[in-house]
Amino acid sequence: MIPTGWYSERMSPRPTRRSPDRGDARTRLLEAARDLIRAQGFAATTVDALCAAAGVSKGSFFHHFESKEALGIAAADFWASTTAALFVAAPYHTPEDPLERLLGYVALRRALIVGERAAFSCLAGTLIQEVHDSAEPVRLACGRAILDHAATLVDDIEAARQRHGVTGDWTSVSLARHTQAVLQGAFILAKAGDDAELARESVDHLDRYIRLLFRRPAEGGA
């Protein structure tokens, strides 16, 4: 079970423009990029819009970022570091059984699918869909964000394989990557159908798939 107070507190909106604790101009620009790119895409997010959302001047933007592409790279890195902190502090690490930790991670990802699509979708996934063939440095930054996050699951998956005696023609690395493929696809389905339930449905199937791999009955014995 994931305590809703835990994730809602960490996924709360950034401070308002008038708030005294909004951080420095660079951080505000990165927060604005996080929000605007997820809501409307990279191409539609102009420098003027970023500056307006961050409450800074265009001169300040170019003081911190030499180009919009540089902002895209920094935004992907910012996303990776801030979300990494969220997951490191998450309660799914608590169970002694590594399989329960893995299933807890999946449960957390499902619990985070709340609110507007832009609030629960992945910045790196949204960005890479748009620039994968046009901005190589941004693609690489987004790829690092997604694949490095997948790598954080590998130790628990391997430990679960050893503990539960699971073998097969798959690796812990490949299953870790598969979790991210399902999640990114789930976000796309939610956008396509304008329905967050489509994303939750996909994550439920991911939970079932992992349980089947490890021969673990579904909750409730279903």
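Mean-square fluctuations from a GNM of the chain, with a 10 angstrom spring cutoff on Cα atoms, peak among Cys142, Cys122, Cys51 at Cys51. Residues in the stretch 159-208 average 51 Å² of solvent-accessible surface per residue, probe 1.4 Å, ligands and nucleic acids excluded.
In order along the stretch 110-125, the phi-based Karplus estimate (6.51 cos²θ - 1.76 cosθ + 1.60, θ = phi - 60°) of 3J(HN,Hα) comes to 5, 5, 7, 7, 9, x, 5, 4, 5, 7, 10, 6, 8, 4, 4, x Hz; Gly and Pro are listed as x. Relative to one another, the C-alpha centroids of the stretch 154-222 and the stretch 32-81 are positioned 33 Å apart.
Rolling a 1.4 angstrom probe over the protein heavy atoms with all chains in place gives the stretch 16-143 an accessible area of 45 Å² per residue. Each Cα pair under 8 Å and six or more residues apart adds its separation to the average, and for the chain the resulting relative contact order is 19 percent. Residue by residue, the stretch 147-164 carries 3J(HN,Hα) couplings of 6, 5, 5, 4, 5, 5, 8, 4, 4, 5, 5, 5, 5, 5, 4, 5, 5, 9 Hz when phi is fed to the Karplus relation 6.51 cos²θ - 1.76 cosθ + 1.60 (θ = phi - 60°); x denotes Gly or Pro. Shape class for the stretch 96-176, computed from the alpha carbon gyration tensor (a ≥ b ≥ c): oblate, with a/c not under 1.5 and a/b at or below b/c. Here is the size of the chain from its Cα atoms: Rg then Dmax, 18.7, 60 Å. How much of the accessible area of the stretch 25-149, probe 1.4 Å, is carbon plus sulfur, in whole percent? On the stretch 25-149, the fraction of accessible area on carbon and sulfur atoms equals 56 percent.
Candidates Ala33, Ala80, Leu153 compared by Cα position along the dipole of the stretch 10-158: farthest toward the positive end lies Ala33, with charges placed on Cβ. Its DSSP H runs of at least 4 residues, each contributing -39,500 (n - 2.57), put the calculated 222 nm mean residue ellipticity of the chain at -21500 deg cm²/dmol, to the nearest 500.
The values are calculated or read from the model by the stated rules, or taken from the named source; none is laboratory data. Given the structure is predicted, the values throughout are model-derived calculations rather than measurements. Don't worry about glycine lacking a Cβ; one is built from the backbone with ideal geometry, like all the others, and counts go over all protein chains shown. With ligands, DNA and RNA removed, areas are computed over all heavy atoms of the protein, side chains included. Shrake-Rupley method; radii C 1.70, N 1.55, O 1.52, S 1.80 Å.
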